[in-house]
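These notes are about the structure you will find just below.
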Amino acid sequence: MKQFRNFISQFCRVMAVTATIALLTPAIGAQENNNLKLHSENGMLNHLSVGLQTGLGGVGVDVAMPLHRIVTVRAGIVGNAFGDIKFKAINTASQITQSQLVEDDAVKRAKMVDKVELALKPRFWNAFIMAEVHPFPTPFYFSAGLFAGSRTFLHFRNTNEGALQSLYDANQKVEDYNAMFHTNYPPVGLKFGDYVFTADENYNIDVKMKTWTVKPYLGIGFGQSMAQHHRLSVAVDAGLLFWGSPKFVLNNGKQIKSTSKESGITHFISWFSAYPMIQVRLAYKIF
């Protein structure tokens, strides 16, 4: 969790710098009175601004141009790639008590494994195009757009590369036993909420939490992406990124089924079909 705390700390510093710039923006605009007429003109594609943004959607860059007096269009890329988050996951082999399976050497070896360290890798990048509609003479606006890019939101992988042969062998034994005797013993692997991550043929845990490739977005904002009377502008945009119900998928493409439908992370995932986005954008108007 140290990496996550560092990310929050960096984000707070960025927010503080952004707020300072926002307070200085009127002073900067006052020094550019000779450009008031140019920047107040309305038209289609007659202005251009470049922006930097940060927030729950990650960090990104974009460009913005007006399409109408009340409509601005933005396009860019946004995502996150901060450090891995590491945690210990419990081995489900310890839950096997049936004598037929415990007596097997593969299961005995797996039961000797206590907890395994997993690395949670946030790697989520998307290109986007978005329209902002300013229907009222206030800083408030509505936003809508499309994000397209990475399907993987989170990537789970063990930190001890190729060291989980005992879990792989034990799970193969459980699968064979279930097929032979028509039993329904749960898989052997690492627990993550109501899911069990099984090792692959390379003796690794390699699981991805996947979403849609194309993701619609709806939100509201406050501020300006295209300054009216000066060069710098600040805007805050909050909304929902609709990405479908996330799925946990093994590296062979097989979807992992939950061991419970009523509680825990499965219950959370069932309604987590939209990701909350809050982004702060600092823009500079080129012309």
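Filtering the range 51-59 for residues that are open to solvent by 10 Å² or more (accessible area, probe 1.4 Å) and more than 25 Å from MET277 (Cβ to Cβ) leaves an empty set. Among the residues of the range 59-74, is any small (Gly, Ala, Ser) and under 31 Å from the mean Cα position of the chain (by Cα)? Scanning the range 59-74 turns up at least one residue that is small (Gly, Ala, Ser) and under 31 Å from the mean Cα position of the chain (by Cα).
Number of residues in the range 85-105 that are open to solvent by less than 40 Å² (accessible area, probe 1.4 Å) and either in contact with a Pro (Cβ under 8 Å, 6 or more places away or on another chain) or assigned to a strand (DSSP E or B) (or both): the value is 4.
Filter the range 210-227 down to the residues that are open to solvent by 10 Å² or more (accessible area, probe 1.4 Å) and aliphatic (A, V, I, L, M), then identify the one that is farthest from LYS121 (Cα to Cα). The qualifying residue farthest from LYS121 (Cα to Cα) is MET226. Are any residues in the range 178-198 within 18 Å of GLY253 (Cα to Cα) and free of Cβ contacts under 8 Å to residues at least 40 places away in the same chain, and if so, which ones? Passing the criteria: none in range. The set of residues in the range 156-192 that are more than 32 Å from the chain's Cα centre (by Cα) and open to solvent by 60 Å² or more (accessible area, probe 1.4 Å) comprises GLN172, LYS173, GLU175, ASP176, ALA179, MET180, PHE181, HIS182, ASN184.
Have a look at ARG69, ARG109, ARG74 and point out the one that is of a type in the set (Lys, Arg) and part of a loop (DSSP other than H, G, I, E, B).
On the way: ARG109 fails: part of a loop (DSSP other than H, G, I, E, B); ARG74 fails: part of a loop (DSSP other than H, G, I, E, B).
The unique qualifying residue is ARG69.
Yes or no: VAL207 open to solvent by 30 Å² or more (accessible area, probe 1.4 Å) and in contact (Cβ under 8 Å) with a residue 12 or more places away in the chain?
No, not satisfied.
Across the range 143-164, the qualifying residues are those that are assigned to a loop (DSSP other than H, G, I, E, B) and not polar (S, T, N, Q), and the one among them that is nearest to ILE70 (Cα to Cα) is ARG151. Just one of the listed residues (ARG151, ARG109) is open to solvent by 50 Å² or more (accessible area, probe 1.4 Å), within 23 Å of ILE278 (Cβ to Cβ) and of a type outside the set (Val, Ile, Thr), namely ARG151. Being under 30 Å from ALA283 (Cα atoms), assigned to a strand (DSSP E or B) and open to solvent by less than 80 Å² (accessible area, probe 1.4 Å) is the requirement here; does GLU132 meet it? Criteria met by GLU132.
Number of residues in the range 200-230 that are in contact with a helix residue (DSSP H, G or I) (Cβ under 6 Å, 6 or more places away or on another chain) and under 24 Å from HIS155 (Cβ atoms) equals 1. The set of residues in the range 136-159 being at pLDDT 90 or above and either basic (Lys, Arg) or out of contact with any strand residue (DSSP E or B) (no Cβ under 7 Å at 6 or more places or on another chain) (or both) consists of ARG151, ARG157.
The values are calculated or read from the model by the stated rules, or taken from the named source; none is laboratory data. Predicted model only: the values in this text are computed from it and were never measured. Don't worry about glycine lacking a Cβ; one is built from the backbone with ideal geometry, like all the others, and counts go over all protein chains shown. SASA here: full protein model, heavy atoms, side chains in, ligands and nucleic acids out. Shrake-Rupley method; radii C 1.70, N 1.55, O 1.52, S 1.80 Å.
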